[in-house]
Amino acid sequence: MEKQIKLIPSNDQSCGWIKCLGPRENFPVLEGNHSADWVIIGGGFTGIAFARRMAVARPNDKIIILDAAAIGEGASARNSGFAVGTSTFGSSFHPDKLPEFKRINRINQAGINSLRELVDDYQISCQWREVGRYNCGAEDSTTKSADDFVSWLQAADVEFEDLSGKDLSKRLGIPYYQRGIWTKGDVLLNPAALVRGLSRSLPDNVALFDHSPAIKISDHSGKIHVDCPEGAIIAKQLVLAGNAYLHAMAPYPVHTIPLTLTSSLSRRLTRAEQAALGDPSDWGIISLHSMGATLRYTQDHRILIRNTASYRAAEPYSTQQMQSNKQIHQTGLRERFPMLADLTIEHTWQGVLSVSRNSTSFFGKLGERIYASGCYNGSGISKGSAMGVALADFALGDSNQLLEDVIKYPSPKWMPSRPLLDIGMMIELKRRGYGAGADA
Ligand SMILES: Cc1cc2nc3c(=O)[nH]c(=O)nc-3n(C[C@H](O)[C@H](O)[C@H](O)COP(=O)(O)OP(=O)(O)OC[C@H]3O[C@@H](n4cnc5c(N)ncnc54)[C@H](O)[C@@H]3O)c2cc1C
């Protein structure tokens, strides 16, 4: 096997969550020749969770994490900061599918439980708030999604509240949504702070390297070789934890698809502006429309909006295109927060996540000595954290409830390769965006 990796991430330097943190001490760049028991490509929630579990189980093993950019500063730092406890299922309730709904939510919860323990143990300051989430709709077209979601929640015995527009307006401070389902179990947080704290608290047998893209992987004489621009590693085993870039590094097709999302974070609200909102405590909204906006009112009184998602084959937006995305965010904020006429955006950034046609994840082996996990369809904080642990358990030959749950994931369904994929995705995203209206 020999694989040249041609798609390498390049992050903008304007992620609001990262900018709100203090300066970061860099990890070294990989230089020269190294050997390791495990090499992990990708230093986000998945790669870090795998490394921690493996390092504890095998304290004498040497583990290396490589990241093409700064460790943890890919999608893991750029997301909207919902550690999802209860996934939406996106279809009408069907009793036969209830075990699957429960299985997925057990995986989510396992991720949250492991993160909570680490946040407590290492005192990671990341605005961790167990306040659940609001699943809101502004258009009549979201009524069916709301009804469907309620049926799943009732059947699975998940704590929720079904709220009217008036209730929501009182709680959130914005008279915008018609209906919202509040679900218990989600955690709101600053993802950049969390992943930074996780990367700084790994056991000593884990070595991390920034700005060290893997550009070639191959196997010779029973060993894996990973080449970077300024160094190389020979390892016994390889873990692919590149999520949105998994398809570019996997030696075989995995049928995962990168989606590029953009977000903005406002400046901090003044005291008068907080009062104009009715002084709510921090909250997070996910749209009941599949292409609707995500919103957060953060603990430090900023507003986050994420309301664009496009397929660009992971090709970054230009500065000019980011200006027009910022305009879309500004419009979204103006419509939702008419009482904050002078609200300005401080940071706008892009990030890439991974989806599959059947909304499933990739987990398992990709050949002798190669393991992979990724494609969490927008809920990788909890799922990536759980599945990184499960992948280490899988490689160790352990058995437990989490691994049993994860192994049941069906593989991502076949997708054509480019350029057919590009056309298919354009049509699919148009179809999904239909009727988003005020929810966009
Ligand atoms: C705007 C946005 C909003 C989102 N909102 C949420 C949310 O609210 N909640 C949620 O749970 N999820 C959300 N997600 C998804 C979530 O961020 C991802 O599912 C999660 O980060 C996946 O973690 P990961 O470790 O698997 O992958 P990543 O965080 O993507 O990490 C993979 C790493 O691999 C590195 N890499 C890629 N190629 C190479 C290479 N060749 N060599 C070395 N390194 C490489 C990348 O630089 C990256 O750091 C969102 C994503 C985006 C973009």
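The values are calculated or read from the model by the stated rules, or taken from the named source; none is laboratory data. Quick caveat, the model's predicted, so the values are computed rather than measured. Here the Cβ is made from the backbone with ideal geometry for all residues, glycine too, and neighbour counts use every protein chain on show. We work out accessible area using only protein heavy atoms, side chains counted, and drop any ligands, DNA or RNA first. Shrake-Rupley method; radii C 1.70, N 1.55, O 1.52, S 1.80 Å.
Where a ≥ b ≥ c are the square roots of the eigenvalues of the C-alpha gyration tensor, would you call the stretch 125-183 rounded, which needs a/c under 1.5, or, failing that, prolate if a/b is larger than b/c, or oblate? Judged from the Cα gyration tensor, the stretch 125-183 comes out oblate (a/c at least 1.5, b/c at or above a/b). Going by the alpha-carbon gyration tensor, a ≥ b ≥ c the square roots of its eigenvalues, is the chain rounded (a/c under 1.5) or, if a/c is not under 1.5, prolate (a/b greater than b/c) versus oblate? Prolate is the answer for the chain, as a/c is 1.5 or above and a/b outweighs b/c. Spread over its residues, the convex hull of the C-alpha atoms of the stretch 1-160 is 215 Å³ per residue. Taking 0.36 nm per residue of separation and subtracting the current Cα-Cα distance, fully stretching the chain between THR331 and MET426 would add 31.8 nm. Normalising the average separation of contacting C-alpha pairs (under 8 angstrom, six or more residues apart) by the number of residues puts the relative contact order of the chain at 25 percent.
Here the stretch 176-247 and the stretch 411-440 have alpha carbon centers that stand 26 Å from each other.
Note the angle between two axes, namely the Cα long axis of helix 45-57 and the longest principal axis of the Cα atoms of the chain, as a number of degrees from 0 to 90, rounded to the nearest 10. Approximately 50 degrees, to the nearest ten. If R0 is taken as 51 Å, the Cβ-Cβ distance between SER164 and ASP204 corresponds to a FRET efficiency of 0.40.
Simple point charges give the picture: +1 on the Cβ of Lys and Arg, -1 on the Cβ of Asp and Glu, and for the chain a dipole about the Cα centre of about 520 debye. When +1 charges are put on Lys and Arg Cβ atoms and -1 charges on Asp and Glu Cβ atoms, the dipole computed for the stretch 15-99 relative to its Cα centre reaches about 200 debye. Normalised per residue, the accessible area of the chain is 42 Å², obtained with a 1.4 Å probe and no contribution from ligands, DNA or RNA.
Here the calculated FRET efficiency for ILE407 and SER125, from their Cβ-Cβ distance with R0 = 35 Å, stands at 0.50, rounded to the nearest 0.05. By the gyration tensor of its Cα atoms, with a ≥ b ≥ c the square roots of the eigenvalues, what is the shape of the stretch 213-343: rounded for a/c under 1.5, prolate for a/b over b/c, or oblate? Prolate shape, in that a/c is at least 1.5 and a/b is the bigger ratio. Any idea how far the Cα center of the stretch 323-395 sits from the one of the stretch 12-65, in Å? If you average the Cα positions of each part, the centres end up 19 Å apart. Note that the stretch 257-272 has calculated 3J(HN,Hα) couplings of 10, x, 10, 9, 10, 10, 9, 9, 10, 7, 5, 5, 5, 6, 4, 5 Hz, one per residue in order, obtained from phi through the Karplus relation 6.51 cos²θ - 1.76 cosθ + 1.60 (θ = phi - 60°); glycine and proline are x. For GLU25, neighbours were defined as the other residues whose beta-carbon sits under 11 Å from its Cβ, and their charges (Lys and Arg +1, Asp and Glu -1) total +2. Beta bridges per DSSP, both residues in the chain: antiparallel share near 70 percent. Listed by chain and number, the lysines whose alpha-carbon sits under 24 Å from that of LYS236, ignoring those within fewer than 8 places in the same chain, are LYS3, LYS6, LYS62, LYS216, LYS223, LYS365. Using a 1.4 angstrom probe on heavy atoms only, work out the carbon and sulfur share of the accessible area of the chain in %. Carbon with sulfur: 50 percent of the solvent-accessible area. Ignoring aspartates and glutamates fewer than eight residues from LYS170 along the same chain, the ones with Cα atoms less than 18 angstrom from its Cα are GLU161, ASP162, GLU273, ASP279, ASP282, GLU335.
For the chain, the longest principal axis of the Cα atoms and the long axis of helix 98-121 meet at an angle of about 80 degrees. Surface listing: VAL56, VAL352, VAL226 arranged by accessible area from highest to lowest gives VAL56, VAL352, VAL226, probe 1.4 Å. The residue list ILE215, GLN350, GLY374 was ranked by how far each Cα lies along the charge dipole of the chain toward its positive end, using unit charges on Cβ atoms, and GLN350 comes out on top.
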